[in-house]
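Nothing in this text is a laboratory measurement; each read-out follows from the coordinates by a stated rule. Note that this is a predicted model, so its numbers are computed, not measured. For neighbour counting, all protein chains shown are included, and Cβ atoms are generated from backbone atoms with ideal geometry for every residue, glycine included.
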Amino acid sequence: MSEGERTRLIAWSQEMRAVHGRLRDALQVTRDAVHGGAGAEPATRDLLLFCHGFCAALAGHHEGEDHHLFPAIAAAHPELRDTLRYLKQDHSMIAHLLSGLQAAVERAATPVEIDRHLEGIAAIMESHFRYEERQLLSVLDTLALEAEPREVLGPL
């Protein structure tokens, strides 16, 4: 295996960590917008943009994993199918929570209610990311997957 191939193989684990970091940052920016931190005004129409951007990024990340990454892992590591099934269940639960957040923002819910939605998403998202990283990063170090990172891990 050439050094370039080895670098590409290792890059999938690095890409996942980087995307997870950017999603954590996006969630924090959204929470700051709710509280008026970091120069943002509390619960304005700008919040809709922050929430929409965060929700779209997280949903895109999970869709990419479900459609591209997880099938490649399942083919190369059939012993991980139960883990992948569990991670997909998390994706469904997070999608449901994101829908609730979007609905709350669209109906101009109070900052307290919106923050409750974000807190729930933050807790599940962090637990999911940590589990996913524990279970998959070493597999990603050796996964041969010919695809664009944006397709596999989402637009972030």
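Below is a table of values for the structure above.
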| quantity | calculated |
| --- | --- |
| Charge-dipole axis of the range 3-153 as Lys and Arg at +1 and Asp and Glu at -1 on Cβ define it, positive-most pick from PHE54, GLN89, GLY120 | GLY120 |
| Between 0 and 90°, nearest 10: helix 45-64 axis offset from the chain longest Cα axis | 20 degrees |
| Estimated 222 nm signal from helices in the chain, with DSSP H stretches of n ≥ 4 weighted -39500 (n - 2.57), rounded to 500 | -26500 deg cm²/dmol |
| Nearest-ten-degree value, helix 3-35 long axis tilted from longest Cα axis of the chain | 10 degrees |
| Environment charge of ALA109, counting only residues whose C-beta is closer than 11 Å and scoring Lys/Arg +1, Asp/Glu -1 | -1 |
| Pairwise label distance in nanometres, VAL139 with ASP32, each label 7 Å out on the Cα-Cβ vector | 3.5 nm |
| Separation in nanometres of the label points that stand 7 Å from Cα toward Cβ, at ALA11 and ILE124 | 3.3 nm |
| The chain - percent relative contact order, Cα under 8 Å, separation 6 or more | 42 percent |
| Extension gain, MET93 back to THR110 (0.36 nm per residue minus Cα-Cα distance, nm) | 3.8 nm |
| Net charge of neighbours whose Cβ lies under 12 Å from the Cβ of ASP90, counting Lys and Arg as +1 and Asp and Glu as -1 | -1 |
| Degrees separating the helix 111-140 axis from the principal Cα axis of the chain, which is the longest one | 10 degrees |
| Label zone at ALA18 (point 7 Å along Cα-to-Cβ), backbone N below 13 Å, the range 117-150 | 148-150 |
| Descending semi-axes in Å of the chain, equivalent ellipsoid built from Cα gyration tensor | 32, 16, 12 |
